[in-house]
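The values are calculated or read from the model by the stated rules, or taken from the named source; none is laboratory data. Just so we're clear, the structure is a prediction, and the values are computed from it rather than from any experiment. Ideal geometry is used to build each Cβ from the backbone, glycine not excepted, and the neighbour counts take in all protein chains shown.
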Amino acid sequence: MKTIIKRLLSSILAIAIIFSLSHCKAIQNANNKQKGGVIGAAGGAVIGAIIGNNIGKGGNGELGAVIGGVVGGAAGVLIGSKMDKQAQKIEEEVPGAEVERIDEAIVVTFDENKGGGIYFETEKYNINGASQQTLNKLAKVLNEYKDTNILVVGHTDSAGSENYNMTLSKNRAYAVNNYFKQNNGISGSRLNVNWFGESKPMSENGTSSGRAKNRRVNIVILANDKMKAEAKKQAGS
């Protein structure tokens, strides 16, 4: 009987938080797949379904970072609620940030036409002044939500060889990783890097403006073990 009651309470909690999530700006601005990802996590949905719908399309390689990290159930909804608050704050405080809430994770890309971004000159991986401002504002939010891990993902345009671009994207990811640690006080234990070279374009490589958008770094924010453990305890799972 206690088990049945606990499950019933967990279900009620999940429904309540799902309802509150549906009113969040980050979700209101999301497309149907993204909405399904957030709400689906409450029912223990498999993130692979979302990956399957997005993998290989421009700018979505970061979603692979979420595989295996989904808690699901009532605990997943509690995590999603916390991540949703963080996503909304990033939207409000970081110029150019475009936030996708995918299950229990946040994927941050940028639109330089909206006043921000993390972009690089051709064949360069040094962080320019404009990108520093974006990183400083993003880091401020990240430091407010310390129970998360951060994945920094580097990309390039198609100029140069594939091998060269793979190394260049790695250098870009590490440049941002190091900037977070050295200039913003983000613990190295929270940070990881990945890189895709030219294989995940966000825009067309046939124009100079398109190539500029592809010379970028994206950010993935994930619940750490502490957040997951607390959510499971609170949910009684």
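I need a count of the residues in segment 136-159 that are more than 22 Å from SER208 (Cα to Cα) and not basic (Lys, Arg). Number of matching residues: 14. Would you confirm whether or not segment 159-167 contains a residue that is crowded, with 17+ Cβ neighbours inside 10 Å and within 19 Å of VAL107 (Cβ to Cβ)? No.
Could you count how many residues in segment 85-129 are among the small types (Gly, Ala, Ser) and part of a helix (DSSP H, G or I)? Explain how you work it out, then say what you get.
At the first step, the residues of segment 85-129 found to be among the small types (Gly, Ala, Ser) are 87, 96-97, 105, 115-117, 129.
Those still in the list that are part of a helix (DSSP H, G or I) too: 87, 129.
Residues that pass the stated criteria total 2.
Scanning segment 206-233 for residues that are closer than 14 Å to LEU168 by Cβ and part of a helix (DSSP H, G or I) yields ARG211, ASN214. When the residues of segment 165-189 are filtered to those that are basic (Lys, Arg) and out of contact with any helix residue (DSSP H, G or I) (no Cβ under 8 Å at 6 or more places or on another chain), the one that is farthest from ASN143 (Cα to Cα) is LYS170. Considering the conditions (1) in a helix (DSSP H, G or I); (2) within 21 Å of VAL99 (Cβ to Cβ), MET166 is excluded by exactly one of them, (2).
Per-residue answers, yes or no, for (1) among the small types (Gly, Ala, Ser); (2) closer than 30 Å to LYS232 by Cβ; (3) more than 17 Å from the chain's Cα centre (by Cα):
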{"site": "LYS85", "(1), (2), (3)": "no, yes, no"}
{"site": "LYS137", "(1), (2), (3)": "no, no, no"}
{"site": "LYS146", "(1), (2), (3)": "no, yes, no"}
{"site": "GLY154", "(1), (2), (3)": "yes, no, no"}
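Could you tell me which of the residues GLU62, GLU112 is within 12 Å of the chain's Cα centre (by Cα), modelled with pLDDT under 90 and acidic (Asp, Glu)?
Values: GLU112 fails: within 12 Å of the chain's Cα centre (by Cα).
Of the residues listed, the single one that is within 12 Å of the chain's Cα centre (by Cα), modelled with pLDDT under 90 and acidic (Asp, Glu) is GLU62.
Applying the criterion of being in contact with a strand residue (DSSP E or B) (Cβ under 9 Å, 6 or more places away or on another chain) and in contact (Cβ under 8 Å) with a residue 40 or more places away in the chain to the residues of segment 175-193, the residue that is nearest to ALA130 (Cα to Cα) is VAL176.
Looking for something part of a loop (DSSP other than H, G, I, E, B), acidic (Asp, Glu) and in contact (Cβ under 8 Å) with a residue 40 or more places away in the chain - is there at least one such residue anywhere in segment 194-205?
Taking segment 194-205 as the starting set, the residues that turn out to be part of a loop (DSSP other than H, G, I, E, B) are 196-205.
Adding the requirement that they be acidic (Asp, Glu) leaves 198, 204.
Right, trim to in contact (Cβ under 8 Å) with a residue 40 or more places away in the chain and you get 198.
Looking for residues that are part of a loop (DSSP other than H, G, I, E, B), acidic (Asp, Glu) and in contact (Cβ under 8 Å) with a residue 40 or more places away in the chain, one finds at least one in segment 194-205, hence yes.
Does THR148 satisfy the criteria of being surrounded by 22 or more Cβ atoms within 10 Å (Cβ to Cβ) and at pLDDT 90 or above? Before you say what the answer is, go through the steps one by one.
Working: surrounded by 22 or more Cβ atoms within 10 Å (Cβ to Cβ): no; at pLDDT 90 or above: yes.
Considered against the rule, which asks whether it is surrounded by 22 or more Cβ atoms within 10 Å (Cβ to Cβ) and at pLDDT 90 or above, THR148 comes out as no.
All of (1) among the aliphatic types (A, V, I, L, M); (2) in contact with an Asp or Glu (Cβ under 7 Å, 6 or more places away or on another chain); (3) not in a strand (DSSP E or B) hold for VAL153 with one exception: (3).
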